[in-house]
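The values are calculated or read from the model by the stated rules, or taken from the named source; none is laboratory data. Values in this document were obtained by computation on a predicted structure and should not be read as measured data. Backbone-built Cβ (ideal geometry, glycine too); neighbour counts: all protein chains shown.
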Amino acid sequence: MSHILDQFRLVGRTALVTGGSQGLGLKIATALAEAGASIVIVSRRLDACQIAAEAVHNETGQPTFALAADVTDPESVERLFGDVTERVGGIDILLNSAGLNKRGPVATLTAEDWDSVVDANLKGPFLMARAFGPSMADRKWGRILNFGSILSHIGIAGRTPYASSKAGLLGLTRVLALEWALSGVTVNAICPGPFATEMNRPLLNDPEQYKNFVSKIPMGRWGELDEICGAALFLCSNASSFVTGTTLTVDGGWTAQ
């Protein structure tokens with residue numbers, strides 16, 4: 001008789017994590033490895049991926065691979081698919097955590113600012129899902145987890161490209177979930193609130209902005225990196241087999257207000 005915890009184990013699974021060389025992506029990659037998965041870490045910089053992959057392997061003992069790719073470039077994503085197929089034979093879990101943020105009033109933002117953020121946060125997950133989703137569907141099991149944000153649900157002044165891209169990501173999540181609903185592939189989004197990551201360093205280093213953010217969080221603090229891992233593992237495992245096309249918000253209660 002199986003134990004409930006067995007549903008969370010990822011032994012025999014392979015997970016690819018974009019943006020996995022730092023921050024929440026690296027933390028979740030480590031958690032998935034602790035649950036038994038082999039890991040492929042992807043970002044634009046191979047050296048950063050190699051350092052992260054070595055750290056994950058040393059901490060968990062799981063096979064961990066490093067590959068470089070630009071997830072906003074269709075040709076780079078196709079090359080990545082070929083490299084992954086050659087190295088590990090395919091993946092079971094795709095975590096789209098690569099992202100970019102450019103802050104400022106809309107009047108000061110350029111078209112290039114908009115394009116770079118939307119490409120990283122929305123086009124990238126589309127290209128990655130298009131490349132890797134069909135092979136998961138062919139094998140009748142897969143998990144795609146898109147990295148949204150509380151700004152998928154609410155707006156904050158000065159975040160035009162980021163909020164727009166993250167709101168659009170939820171639409172992509174729902175449509176892909178419907179397209180693959182009969183295939184054994186689930187597609188969901190996880191939406192973190194404020195966590196102490198490199199992307200949020202400008203806020204952490206500004207006492208006034210930090211205080212303003214904390215005032216909006218009912219739990220009265222930012223999230224610790226460890227606190228994202230359980231939610232991500234749930235959505236990447238058999239435990240979430242009847243969950244697709246939805247979002248799980250991890251924000252200390254911010255969006256409950």
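Here is how the numbers come out for the structure above:
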item: Members of region 231-254 that are within 19 Å of F195 (Cα to Cα) and in contact (Cβ under 8 Å) with a residue 40 or more places away in the chain; result: A231, A232, L233, T247, L248, T249, V250, D251, G252, W254
item: Region 202-226 - residue that is closer than 30 Å to R9 by Cα and crowded, with 16+ Cβ neighbours inside 10 Å and, of those, farthest from the chain's Cα centre (by Cα); result: W222
item: Flag if G171 is out of contact with any strand residue (DSSP E or B) (no Cβ under 9 Å at 6 or more places or on another chain), closer than 29 Å to N238 by Cβ and either buried (at least 24 other Cβ atoms within 10 Å of the Cβ) or of a type outside the set (S, T, Y) (or both); result: yes
item: Residue within region 16-36 that is buried (at least 24 other Cβ atoms within 10 Å of the Cβ), touching a residue at least 24 places away in the same chain (Cβ under 8 Å) and at positive phi present; result: yes
item: Residue list for region 40-56, restricted to those being in a helix (DSSP H, G or I) and crowded, with 21+ Cβ neighbours inside 10 Å; result: C49, A52, A53, V56
item: Residues that are charged (D, E, K, R), closer than 20 Å to N188 by Cβ and not in a helix (DSSP H, G or I), drawn from region 211-257; result: D251
item: Residue that is surrounded by the fewest Cβ atoms within 10 Å (Cβ to Cβ) [pool: residues in region 57-76 that are touching a Gly at 6+ places or on another chain (Cβ under 8 Å) and not hydroxyl-bearing (S, T, Y)]; result: Q62
item: Residue ID - surrounded by the most Cβ atoms within 10 Å (Cβ to Cβ), chosen from residues in region 78-137 that are in contact with a Lys or Arg (Cβ under 8 Å, 6 or more places away or on another chain) and assigned to a loop (DSSP other than H, G, I, E, B); result: D92
item: Qualifying positions in region 195-218 - modelled with pLDDT of 75 or more and either closer than 30 Å to F242 by Cβ or of a type in the set (S, T, N, Q) (or both); result: F195, Q209, N212, S215, P218
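Every residue, every condition in (1) under 15 Å from the mean Cα position of the chain (by Cα); (2) under 23 Å from G133 (Cβ atoms), yes or no:
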residue	(1), (2)
L5	no, no
R13	no, yes
V17	yes, yes
Q22	yes, no
A31	yes, yes
A55	no, no
A68	no, yes
D83	no, yes
